[in-house]
């Protein structure tokens, strides 16, 4: 049984259907990258998985539980975390407070987990008392990822973590993603940077116009020339 | 017969007041119903209108007066216009700092100006005679009508007493006609305006201010215009009140009560619909007056009864907001007049 | 010179009224930052608190709980007990109003919520007036002698010292709550971004509940303290202060509780000092004018976020 | 028609648009493409006055329109649509369109009373125009519906219709195709083509649907990392390795210091 599977998902905003019959699966400890041209419905897919949008058709199953249409706060409790693309931190809180918020639903002492997250992002420990609103884009992204990790999720979903970052920072974020994966967390990543994300992914899916187009290992997808055509038409 | 005369006289009194409220409600409708401006300082504009009219058309200060200004004894219509103009200026002063900001700020500022106006009325005795208020404000054409009535009654000494009574109080009939006439004229003006391109622009601002700006509309200017126009209409309402009541004091214009009643009238009648605004004012004033009778049957003191009536109106507002937010009459969905002719 | 010599004394009065305004303002600010609307019923929450305390005080006296004045204060244990219970009961009432009214209107616009809060304001005020009448009710009938602070020559009554201390303690508790408790942090997080708070698993309904509880408890505190300062309460007590409270909140920055404290102090001081120069009746107008000037210069207020 | 020179805009320390220059020629349907985060929407906002550039200039024909507020840019004949339609919900479709033209006499409060005939005449003209536009886009049957009750695709068409109300010189379309079904999209494309051909309107289109862009637009300008990467015919763009790299390689921004 896969960790997360989606089958025949149709979803969108109001009467605007964006996803038409999308299916996928993620095994434990995998990194899956979902790429595709703009407007392909990648972010919509993440939002649908996480219960922010209700699919009109299809099902999502997480750890053998159907989570189709479940509210986000319920899904969080099942061990899935999500980092939105924008507005993914609380700017007037300090870095540490942001992380504590990530652990909001934990009733136990989570100071160990906090240390583990700090180990993944040593920079955050240094700046833990700083307000996140005053931090740079890369640091915010780390805060956002750190916050999502506080619940010790089995699956982490990242929506374009490298967007609007300087190249060096993006590289660093990708490297952190690998490090997170090595701690045993499965990762579902939606990326604009197809090359980098496919390099670190076990498998990848290519979406275009709200439909599955390709599914393969990262390397094979990188070598696939047809994918260029999906991006540029022709 | 006496009861019938009493009831008729009461109905006239009722309709005059409801008509005056109808005018305020029309003024609020242009601000809130059509443009989406949240004005909760209606009582302030109402008071400014009443005082302006009283100062322009009323008698000069008497020996007992604390004031040293005003009382020009100018004709009723001059006072009416002055009331409108002064209210418009006040609205302009409130609008300039707040209309570029979120709606909350306008709300806070309008209630602030209403409170400030009340303080001025209370404290600036040289102008307003303080808490003692202004008295002997003339009712338009009162003397000639009264003289005519007296002459008529003098010529017909054999009338039954109830008819005599009814005719004796006929000045109120005239005033009712005056109020309803002005209400009707204002209604026609507002109808034409809201169906014009101007109305279309302010409605667009109500729906989505940015989108209106995108279509090249100077939204700030339209908002100021709507606020000022609405305030001017409220000023006219105030002037009509002053000439009817003939005595005004700061106590007549409690900041929230007057404002609140008008809001409930508009929301109940249907904001964004001028007929609704007028309908609402008659219905709510009816409820208000009705509760006056009703509370008489219970062993409440006068202040308790007054409180209870306000509680009833407050509950009424919440009930409308919860279950029928659009009010009795929905917004007018109609193509501009010109389209009708073509179709 | 006559005027200037009064100023130190007026500053004391300013701090007292500023303390009360600040406490009222924090609630307005919290509600605004979490629920996004200007709550016009807040003043009447204050009056409600003051009357509940009055009722409880009468009750405790009837139950024989001693109310002999504590030390130099003009009230005793029974009153302080009523004070604390009134905070809780006010919070409970406000939470019920939220459940039955505001919660159901939350999906509409902030303006509808604002309108409905005006209905609540008038409703509450008249409920108080219905039961207690419009006339003033006295908390404390005894006249208290003021202490002259040596050197400066200003006078202050022990009750007024109590007011200032109570305000400082309340503000301290609010600060501790917001900065150091889980719910307080969650409240700030929700104010920042409610959607993200939900995604993070924060129970935003609980946060809203706490916002009302804290706002209402502080409102009750402010109302009771105002009653101690004035010696009496009327159903209009909160409404009379509401404009100054709004001015404080706008001055400090709508939505920032710390701004409300700062704004409250500035407005309180300006209102009192202004009485040296203009008629006392114009105090609320002074607040209003300061607010308008602030809106013209910097609409986001002294500590407000840029939008 | 539109000349963009060295345009730059930062948010915080991030250069969203950085020394971006390009020209849109009169009477063309120019495509503006690029990966997410390349700065296309920011460029749109800079062109239409919704944002003020930090540096650089925008000219329409000979006129410098840099930093004008939106309603002034609008009066320069530059119209835009939004990615998410901004229809006026509780107004009918016709009203939505009739709102648009500038210089309406009846927008001055007194004219409906003192010059009713002129106002009515103008209303009739504007109304005819609105019907014409609705006919053109095959939306006539919806004229008296509230705009809020239209479907997503119909709202997009309404957006285009709004721009047509003023005979604009330049129309900027921000993702006209997003969320529009195939049939409507085809109608949209042919409407744009016809408009360009029949009225000489210039179009600048940001769109993710490559088929749409490639069929409709010449030239196509590719943006990447806040500046113009290249410009060419659709075929040239499709074959360009640089462009493909930009699409697959992610968008990064320069940071100060």
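Bear in mind that the values in this text are calculations on the coordinates, not laboratory data. Worth saying up front: this structure is predicted, and the values here are computed from it rather than measured. Every residue, glycine as well, gets a Cβ built from its backbone with ideal geometry; the counts of neighbours run over all protein chains shown.
Calculated on C-alpha atoms, the gyration radius of segment C:53-120 divided by its Kirkwood radius gives an Rg/Rh of 1.25.
Taking R0 as 45 Å, what FRET efficiency do you get between residue B:177 and residue C:205 from their Cβ-Cβ distance, rounded to the nearest 0.05?
Here the calculated transfer efficiency is 0.20.
Highest mean first, the peptides D:46-55, A:60-69, B:200-209 sorted by other C-beta atoms within 10 Å per residue fall in the order B:200-209, D:46-55, A:60-69. If you wrap the Cα atoms of segment D:1-142 in a convex hull and average its projected area over all directions, you get 11.4 nm².
Note on segment C:220-267: Cα-Cα pairs beyond 13 Å make up 57% of the total pair count.
Where does the protein assembly as shown land at 222 nm, in deg cm²/dmol rounded to the nearest 500, when only DSSP H runs of n ≥ 4 count, each adding -39500 (n - 2.57), divided by all residues? Write out the running numbers ahead of the final one.
On the way: 46 runs with 646 residues, N = 1141.
Result for the protein assembly as shown: -18500 deg cm²/dmol, rounded to the nearest 500.
Remark: mean inter-chain Cβ contacts per residue of D:99-106 equal 5, using a 10 Å Cβ-Cβ cutoff to other protein chain atoms.
The modelled label-to-label distance for the pair residue C:63/residue B:324, using points 7 Å beyond Cα in the direction of Cβ, is 4.6 nm.
Rounded to two decimals, what is Rg over Rh for segment D:109-257 when you use alpha-carbon atoms and the Kirkwood radius?
On the way: Rg = 19.9 Å, Rh = 18.1 Å.
So for segment D:109-257, dividing Rg by the Kirkwood Rh gives 1.10.
Largest mean-square fluctuation among B:264, B:179, B:12, in a Gaussian network model of chain B whose springs join Cα atoms under 10 Å apart, belongs to B:12. Every Cα-Cα pair in the protein assembly as shown was counted, and those over 52 Å apart are 32% of them. Reducing segment D:152-210 and segment C:71-95 to their Cα centroids gives an inter-centroid distance of 66 Å.
Neighbouring Cβ atoms from other chains, within 10 Å of the Cβ of residues in B:299-312, number 4 on average. Largest mean-square fluctuation among A:199, A:107, A:134, in a Gaussian network model of chain A whose springs join Cα atoms under 10 Å apart, belongs to A:107. Once the Kirkwood radius over Cα pairs is known for segment A:144-234, the Stokes-Einstein relation at 20 °C and 1.002 mPa s delivers a diffusion coefficient of 152 µm²/s.
Suppose we keep just the DSSP beta bridges with both residues in the protein assembly as shown; what percent of those would be antiparallel, to 5? Write down the numbers at each step before the final one.
On the way: 49 of 82 bridges.
Of those bridges, close to 60 percent are antiparallel.
Scaled against the 2.2 N^0.38 Å expected of a compact globular protein of N residues, the Cα radius of gyration of chain D reads 1.06. Measuring how big segment B:197-241 is from its alpha-carbon positions, Rg and Dmax come out at 12.8, 42 Å.
Our note on the geometry: Cα centres of segment C:116-138 and segment A:4-22, 53 Å apart. Pair-distance distribution of segment A:79-234: all C-alpha pairs, bin width 10 Å, starting at 0; shares per bin in whole percent are 10, 39, 32, 14, 5, 0.
Let me know the whole percent of all Cα-Cα pairs from segment B:2-338 that are separated by more than 28 Å.
Values: 25562 of 56616 pairs.
Tail of P(r) above 28 Å: 45 percent of Cα pairs.
Looking at chain A, the DSSP beta bridges with both ends there are about 55 percent antiparallel. Within 10 Å of the Cβ of each residue in A:29-40, the mean number of Cβ atoms contributed by other protein chains is 3.
In summary, segment A:169-216 shows an alpha-carbon radius of gyration equal to 1.22 times the 2.2 N^0.38 Å reference for compact globular proteins.
When the convex hull of its Cα atoms is viewed from all sides, segment C:144-302 shows a mean projected area of 11.7 nm². Averaging 1/r across all pairs of distinct Cα atoms in segment B:104-180 and inverting the result yields a Kirkwood radius of 16.3 Å. Using a Gaussian network model of chain B in which every pair of alpha carbons under 10 angstrom is joined by a spring, one finds that among B:58, B:130, B:27 the greatest mean-square fluctuation is at B:130. Semi-axes of the equivalent ellipsoid for segment A:1-155, computed as √(5λ) from the eigenvalues of its C-alpha gyration tensor and ordered from largest down, come to 30, 18, 14 Å.
What is the angle, in °, between the Cα long axis of helix D:182-199 and the longest principal axis of the Cα atoms in chain D? Nearest 10 is fine, range 0 to 90. Helix D:182-199 sits roughly 80 degrees off the main axis of chain D. If you average the C-alpha positions of segment C:172-200 and of segment A:143-166 separately, how far apart do those two centres end up, in angstrom? So the separation of the two Cα centres works out to 21 Å. Summarising the label geometry, the points placed 7 Å from Cα in the beta-carbon direction at residue B:11 and residue A:112 lie 8.5 nm from one another.
Using Cα-Cα distances under 8 Å and only pairs 6 or more residues apart, what relative contact order does segment C:2-297 have, in percent?
38 percent
Given 20 °C and 1.002 mPa s, how large is the Stokes-Einstein diffusion coefficient of segment B:206-340 in µm²/s, with Rh as the Kirkwood radius over Cα pairs? The estimated diffusion coefficient comes to 122 µm²/s. For the peptides C:58-70, C:42-54, residues were scored by their other Cβ atoms within 10 Å and the scores averaged per peptide; the highest-first order is C:42-54, C:58-70.
Pairwise Cα separations in chain C fall into 20 Å bins from 0 onward with the following percentages, short to long: 33, 58, 9, 0.
Could you tell me what fraction of 2.2 N^0.38 Å the Cα radius of gyration of segment C:1-54 comes to, as a two-decimal ratio? Working shown, then result.
Details: Rg = 15.8 Å, N = 54, 2.2 N^0.38 = 10.0 Å.
With N residues counted in segment C:1-54, Rg over 2.2 N^0.38 Å equals 1.58.
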